[in-house]
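> Provided herewith is a single structure, encoded as structure tokens, for subsequent inquiry.
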Amino acid sequence: MTVSGRAKTSTKKRAQQRGRWAEVLARTMLKLKGHKILAKNYKTKVGEIDIITRKNNVIGFVEVKARRSEREAAEAISQHQKSRIERTAEHFMVHQPEHQNCDMRFDVALVTGPVSIHILYDAWRP
């Protein structure tokens, strides 16, 4: 492996670690706010959802973004990614009959720095 190849691997590894930490932080914050974590890294053939929560009668599908600023984090979610999350959410609801009478909401957890998090509830609507 070349020096530049190692640098890319190291950068990718740091980004993955930052992403995992951001998800832990988001789950912790959501629990503190009274949400029950139903799933983390829920994967299907159509996509993946970072965190799925339930609070009262609302199922929250949460995308976690870690960036230098909240603006960068918010802008990091493309329309294509939103569509994939929506399709994955539909899959979850179909395969989880105990939640089918719940409302659905798409949230975003914006993580900046080691412990700064802002959760945007109802960040978009399909």
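> Conditions first: (1) crowded, with 16+ Cβ neighbours inside 10 Å; (2) out of contact with any Phe, Trp or Tyr (no Cβ under 7 Å at 6 or more places or on another chain). V46 passes all but one, so which condition is the exception?
The one condition V46 does not meet is (1).
> Looking at T44, T9, which one is of a type in the set (S, T, N, Q), touching a helix residue (DSSP H, G or I) at 6+ places or on another chain (Cβ under 9 Å) and more than 16 Å from Y121 (Cα to Cα)?
Values: T9 fails: touching a helix residue (DSSP H, G or I) at 6+ places or on another chain (Cβ under 9 Å).
None of the other options fit; the residue is T44.
> Still on this structure, please answer the following. Quick check, is R87 surrounded by fewer than 17 Cβ atoms within 10 Å (Cβ to Cβ), out of contact with any His (no Cβ under 8 Å at 6 or more places or on another chain) and free of Cβ contacts under 8 Å to residues at least 24 places away in the same chain?
Details: surrounded by fewer than 17 Cβ atoms within 10 Å (Cβ to Cβ): yes; out of contact with any His (no Cβ under 8 Å at 6 or more places or on another chain): yes; free of Cβ contacts under 8 Å to residues at least 24 places away in the same chain: no.
Spelling it out, it is not the case that R87 is surrounded by fewer than 17 Cβ atoms within 10 Å (Cβ to Cβ), out of contact with any His (no Cβ under 8 Å at 6 or more places or on another chain) and free of Cβ contacts under 8 Å to residues at least 24 places away in the same chain.
> Hey, E90 hits all of (1) part of a helix (DSSP H, G or I); (2) under 20 Å from E23 (Cβ atoms) but one; which does it fall short on?
(2)
> So, one more: Is the stretch 110-118 home to any residue that is over 18 Å from Q17 (Cα atoms) and either loosely packed, with under 14 Cβ neighbours inside 10 Å or at pLDDT below 95 (or both)? Reasoning before the result, please.
Our first condition is that a residue be over 18 Å from Q17 (Cα atoms); within the stretch 110-118, this holds for 118.
Next cut, either loosely packed, with under 14 Cβ neighbours inside 10 Å or at pLDDT below 95 (or both) only: 118.
Yes, the stretch 110-118 has at least one match.
> Consider only pairs whose beta carbons are under 9 Å apart and that are at least six residues apart or on different chains; among these, list those whose first residue lies in the stretch 109-126 and is polar (S, T, N, Q) and whose second residue is exposed (fewer than 11 other Cβ atoms within 10 Å of the Cβ) and at pLDDT below 90.
T112/R68
Table: residues versus (1) within 19 Å of P126 (Cβ to Cβ); (2) crowded, with 18+ Cβ neighbours inside 10 Å; (3) in contact (Cβ under 8 Å) with a residue 12 or more places away in the chain; (4) of a type in the set (K, R).
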position	(1), (2), (3), (4)
K13	no, no, no, yes
R18	no, no, yes, yes
M29	no, no, yes, no
I51	yes, yes, yes, no
R68	no, no, yes, yes
E75	no, no, no, no
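The values are calculated or read from the model by the stated rules, or taken from the named source; none is laboratory data. Just so you know, these numbers come straight off a predicted model, no measurement behind them. Ideal geometry is used to build each Cβ from the backbone, glycine not excepted, and the neighbour counts take in all protein chains shown.
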